[in-house]
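Nothing in this text is a laboratory measurement; each read-out follows from the coordinates by a stated rule. All values derive from a computational prediction rather than experimental measurement. A quick note on method: Cβ atoms are made from the backbone with ideal geometry, for glycine too, and the neighbour counts reach across all protein chains shown.
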Amino acid sequence: MRLLEWEAKDIFRSYGIPVPEGRVITDPKKAEEICSALEGDVVLKAQVDVGGRGKEGGVLFADPLSVADTAETLFHRTIKGVPVERVLIEERLEILHEYYLSITIDRSSREILLLFSSEGGVDIETLASERPDEIRRIAIPPILSEVPAFAIRELARGAPREIGSIVSRLYRLFREKDAVLAEINPLVLTPRGLCAADAKLIVDDNALQRQGISVNRSLTRREQEAERHGFSYVELEGDIGVIGNGAGLTMATLDLIAQAGGRAANFLDVGGGAERERVMHAVRLVAGMPSVRVILVNLLGGITRCDEVAHGILDANVPQKIFVRLAGTNEEEGRRILAEKGYRMFDTMEQAVYAAVGVR
């Protein structure tokens, strides 16, 4: 889950990484009060969970006379479709130079990857694509609790020595907060020293509970609901809802849909031993997707009972047509329950898939 900038900066501050003075507001009427406390010009930053907000008008500068109107303007904007509900007001820094620093995970080598560039700012993506050699990379085995001094010297050679302590503190933060990305862009040099002008922190979704985070804001409403029920769920862009049990079977169903010329709207694996209520929630979740015109249920009953699946489908009572292939434990009873209510039953997954693709 990606934290908002003000949340990330609060954590950075607790680890001794310098950040600008500032406050978060939810009401533009508070802007003048904050600006007065900061005693000078300020920068207003929309707190939205999207990238590239600066180029979308999500970062504005103001002086004490214009800050109220500027805040009002920012609160009425949407950034890449996301409405602005919080604004971070910070002191405007006198920037002498901008650097880039980030720590992430190299999944191919299973190591922690440190990246540094003597050129930071909004055009870092352009720099990475056009002049990749300008970004230095150091891989650190995750068993190391600290970055070796020689690695810091190699990473930040030619930069102010103070960057070394920031690298060390960011690395400790990265490990202790179960992060998959900790980024400072830009890390700026000011007359007062170095400062993290921006902060990005993404926490591993699997570690949210350990970090005291109860809600994964990165998920959509349906993804959050799927997580509550323990479903493996991914939203796609088609119009055929898919429910299976077991990742392999569900993925094979998606492949068959594509082969038959259809497009799946989702991947939903209810898991093994799915009972009546669990199946009902799965069907209703998929039926709630606006794009879904037909639902395909493809389940194999091992520890899952087909009669429980059938009752769950009936309990869901959704408007879309549902095409069902059931096989395994209590198969005959499950098929009978659904057939009596007019549901179309199929002997093979291929038959079910081609029927579902044909009804669009």
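Return the loop-located trypsin sites (Lys or Arg not before Pro) in the range 1-84 (DSSP other than H, G, I, E, B) with at most 15 other Cβ atoms within 10 Å of their own Cβ; answer none if there are none.
Lys80
Taking the range 1-143, how many lysine pairs are there with alpha carbons less than 16 Å apart, if each pair must be eight or more places apart or span two chains? Let's see the in-between values first.
Values: Lys9/Lys45; Lys29/Lys45; Lys30/Lys45; Lys45/Lys55; Lys45/Lys80; Lys55/Lys80.
Close lysine pairs under the 16 Å cut-off: 6.
Could you give the angle, 0 to 90 degrees to the nearest 10, between helix 247-259's Cα long axis and the longest principal axis of the Cα atoms of the chain?
Approximately 80 degrees, to the nearest 10.
When the C-alpha atoms of the chain are aligned to their principal axes, what extent does each axis show, in angstrom, from largest down?
79, 49, 38
If you rank Thr70, Thr329 by fewest surrounding Cβ atoms within 10 Å, what's the result? List each step's numbers first, then the result.
Values: Thr70 22, Thr329 17.
Fewest to most other Cβ atoms nearby, the residues stand as Thr329, Thr70.
In debye to the nearest 20, how big a dipole does the range 97-207 give about its Cα centre with +1 on each Lys and Arg Cβ and -1 on each Asp and Glu Cβ?
That gives the range 97-207 a dipole magnitude of about 440 debye.
State the three equivalent ellipsoid semi-axes of the range 21-91, derived from the C-alpha gyration tensor as the square roots of 5 times its eigenvalues, in descending order and whole Å.
19, 11, 10
Using only helices, what value at 222 nm comes out for the chain when you add -39,500 (n - 2.57) per DSSP H run of length 4 or more and divide by the total residues, to the nearest 500 deg cm²/dmol?
-10000 deg cm²/dmol
For the chain, what is the charge dipole size about the Cα centre, in debye to the nearest 20, if Lys and Arg each add +1 at the Cβ and Asp and Glu each add -1 at the Cβ?
The dipole of the chain has a size of about 600 debye.
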